[in-house]
Amino acid sequence: MTIEVPDDHPRSESLHTRHRIEDGVDAGLTHKQGLIAEGRGEAFDYLLGERTIPSADRAERAAAAHLLRADHPVLSINGNAAALVPDEIVALADATGAAIEVNLFNRTDERIAAIADHLQDHGATDVKGRTADARIPGLTSERAKVAADGIHAADVVLVPLEDGDRAEALGAMGKTEIVVDLNPLSRSPQVAAVPVVDNLVRAIPNIAAHAHDLADRSDDERERAIDAFDREAALDAAEAAIRSGELD
Ligand code: PTJ
């Protein structure tokens, strides 16, 4: 379904994003609950001024450095991420050497296959998750089902739109977790090593841009990007930006 959004509409980006989620539902990629998740995200994005705040940019740089330094980085993809940023996910995987794995809260074989096919249509060479031959311990939801050679073996996992239980369970497995979530008060960014409080549509390409930049720099500079990032300060800065109501 293509709906015209006038380019001069003050919130045209946000409306385009909303239509991409609707199209994702129509295509069987995004769960209907993904529409509600998008609405929650939009509300926070509006309060953040629909921009990448400086602390989120620092988080995105730290996220890129973590992915580059990892032995086995994995991007965990759900129905909203697949609908919103398929090209950008593939570009980020290429820039960092990360694997891509489909992992769903509302898991069905049909949606897993549709999302994996969709990412492959957008250039992904290998998409994990069609076979879930391992489990995340201590988690009862369908998100516990993972690939043994994917999320289960990962040392760094990037998760757009996480649920708090899995965020905690991945942390308990000793993994470094990068969470992209517009709500800084949500449990998943609260427990993530790198909480990225930004819209996926800006965060994923910006992490890839930082990865390209950092790939040309020394190990020391990559370590500094990680060490200089303060997760508590970033969460506080995002909450302060939302509360201030100052949209520049
Ligand atoms: O795994 P699936 O595809 O079956 O779908 C799972 C959903 C997305 C339905 C599930 O994870 C869910 O219900 O999510 P929640 O609990 O609604 O949480 C969504 C969180 O993501 C909220 O905190 C939103 O602020 C945030 N969010 C929504 N859209 C974006 C976002 N954060 C960043 N970028 C977005 N575009």
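Computed from the coordinates by the stated procedures, all read-outs in this text should not be read as laboratory data. The model shown is predicted, which means the values in this text are computed figures rather than measured ones. Because the Cβ atoms are built from the backbone with ideal geometry, glycine has one as well, and the counts that use them run over all protein chains shown.
Details
- Under 5 Å from the amide H of ALA134 lie the amide H atoms of VAL146, ALA148, each residue being 5 or more positions distant or on a separate chain, with H modelled from the backbone and absent for Pro and chain starts.
- Here the Karplus curve 6.51 cos²θ - 1.76 cosθ + 1.60, taken at θ = phi - 60°, turns the phi angles of segment 123-132 into couplings of x, 5, 8, 9, 10, 8, x, 5, 10, 9 Hz, with x standing for Gly and Pro.
- Listed by chain and number, the lysines whose alpha-carbon sits under 20 Å from that of LYS128, ignoring those within fewer than 8 places in the same chain, are LYS145, LYS175.
- The charge dipole of the chain, taken about its Cα centre with unit charges on the Cβ atoms of Lys, Arg (+1), Asp and Glu (-1) only, comes to about 680 debye.
- The chain: most fluctuating residue of ASP149, ASP236, ASP216 per GNM, C-alpha cutoff 10 Å: ASP216
- DSSP-loop GluC sites (Glu not before Pro) across segment 158-248, with at most 16 other Cβ within 10 angstrom: GLU246
- In the chain, the DSSP-assigned H stretches of four residues or longer account for a calculated mean residue ellipticity at 222 nm of -16000 deg cm²/dmol, using -39500 (n - 2.57) per stretch and the full residue count as denominator.
- A dipole drawn for segment 35-131 from +1 and -1 charges on Cβ atoms has a positive end, and of VAL74, LEU35, THR108 the residue lying farthest that way is VAL74.
- Working from Cα pairs under 8 Å separated by at least six residues, relative contact order for the chain is 24 percent.
- The trypsin sites (Lys or Arg not before Pro) of segment 53-139 that DSSP puts in a loop, and whose beta carbon has at most 16 other beta carbons within 10 Å, are ARG130.
- FRET efficiency for the ASP121 to GLU13 pair, using the beta carbon distance and R₀ = 22 Å, is estimated at 0.40.
- Sequence of HIS16, HIS210 once ranked by neighbouring C-beta atoms within 10 Å, starting from the fewest: HIS16, HIS210
- Prolate/oblate/rounded label for segment 41-199 (Cα gyration tensor, a/c 1.5): rounded
- Residues considered: LEU92, LEU48, LEU139. Largest GNM mean-square fluctuation over the chain, using C-alpha springs under 10 Å, is found at LEU139.
- Once the Cα-Cα distance is subtracted from the 0.36 nm per residue extended length, the ASP133 to HIS212 segment shows a gain of 25.2 nm.
- Here's the picture: charge each Lys and Arg Cβ at +1 and each Asp and Glu Cβ at -1 in the chain, and of THR52, VAL25, PRO205 the one pushed furthest to the positive end of that dipole is VAL25.
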